[in-house]
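One structure is given below, encoded as structure tokens.
Derivation of every value follows stated rules applied to the coordinates shown; laboratory data play no part. The shown structure was predicted, so the numbers you read here are calculated from the model rather than taken from an experiment. Cβ: placed from backbone, ideal geometry, glycine included. Neighbour counts: every protein chain shown.
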Amino acid sequence: MDRMPVLYLSHGAPPLADDQVWTDELARWSAELPKPEAVLMVSAHWEEAPLSIGATRRVPLVYDFWGFPERYFKVRYDAPGAPGLADEVRGLVPGVHQDEERGLDHGAYVPLVEMYPDADVPVLQMSMPTLEPARLFEIGRSLAPLRDQGVLIVGSGFTTHNLSRVDVRLGSDTAPEAWSAEFDEWAEKAVEGGDVDALLDFRAKAPAAGIAHPRTEHFAPLFMSLGADADDPSERRSVVDGYWYGLAKRSFQFG
């Protein structure tokens, strides 16, 4: 079995489903990937310590948002659970907590609906027990052996994420403000250039970091993805770019 790549993607809000450009980009991306045996999803929207894994059976989705039309609360994504993958995670990371009632949140299912619309790939979601970059990087490194078992490890966040600076009246195709464009350009160069040290210290090294991420949970999944590629770094490339309501939707593939 070929080693699976690792992804970091910008997941968007539920209305991503209405953006034909972005949904097509995600669909094309998944079509180019080897079909995974399972997906291990780390979302910006689940912070819990100790490190926790979600349900290994079909349970309701977590509609962790508000203020959207009712139709977004009726989306279904009935992917199979991944109990075998849960066992593997517990074997690789000590002290893992199991939450069998915790379904997939929108950081997980929104992109998966576009990438694997048949919901035929088992999915396991895992929490971030901290936002500390170096710790997340080491957790990702511990999980790297899963790649050799056909597991697609996905960190799901948003390359820039400051909702207080978003004006939805301007439309999803509005040009980014300087802070978003500058951070996005820096992130692309740092990832593709393999500058892991700068990425781990992005709050000090990146331009406009405090504006691009007033809280860092949407950039944090990147560190798990980087860690899962750390011991055998290969090609690191940007697959999706551009902006959505001025936020950078850049997404990366490692390997």
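Structural remarks
- Couplings for region 132-143, taken from phi via the Karplus curve 6.51 cos²θ - 1.76 cosθ + 1.60 with θ = phi - 60°, read 6, x, 5, 5, 5, 4, 5, 4, x, 4, 5, 7 Hz in order; Gly and Pro are left as x.
- Applying the Karplus relation 6.51 cos²θ - 1.76 cosθ + 1.60 with θ = phi - 60° to region 50-60 yields 3J(HN,Hα) values of x, 3, 10, 10, x, 4, 9, 9, 6, 10, x Hz, where x marks Gly and Pro.
- The listed peptides 21-27, 95-101, ordered by packing as a protection proxy, come out as 21-27, 95-101 (highest mean of other Cβ atoms within 10 Å first).
- ³J(HN,Hα) computed for each position of region 221-227 - Karplus, 6.51 cos²θ - 1.76 cosθ + 1.60, integer Hz, glycine/proline x: x, 4, 6, 5, 5, 4, x
- Computed over region 1-103, Cα set: Rg, Dmax in Å: 15.4, 44
- Value of relative contact order over the chain, rounded to a whole percent, pairs C-alpha under 8 Å and six or more apart: 31 percent
- If the chain linking ASP201 and ASP87 were pulled fully straight, counting 0.36 nm for each residue of separation and taking away their Cα-Cα distance, it would gain 37.8 nm.
- Length released on extending from ASP24 to VAL166, taking residue separation times 0.36 nm less the Cα-Cα span: 48.8 nm
- Computed from the Kirkwood radius of its Cα pairs, the Stokes-Einstein diffusion coefficient for region 106-176 at 4 °C and 1.567 mPa s stands at 85 µm²/s.
- Size-normalised alpha-carbon gyration radius of the chain, reference 2.2 N^0.38 Å: 0.93
- FRET efficiency for the GLU32 to SER142 pair, using the beta carbon distance and R₀ = 22 Å, is estimated at 0.20.
- Neighbour-count ranking [beta-carbon atoms within 10 angstrom, fewest first] of LEU61, LEU170: LEU170, LEU61
- Alpha-carbon centroids, region 110-182 and region 192-255: separation in whole Å: 10 Å
- Per-residue extension of 0.36 nm, minus the Cα-Cα distance of ALA134 and ASP64, leaves a gain of 22.5 nm for this segment.
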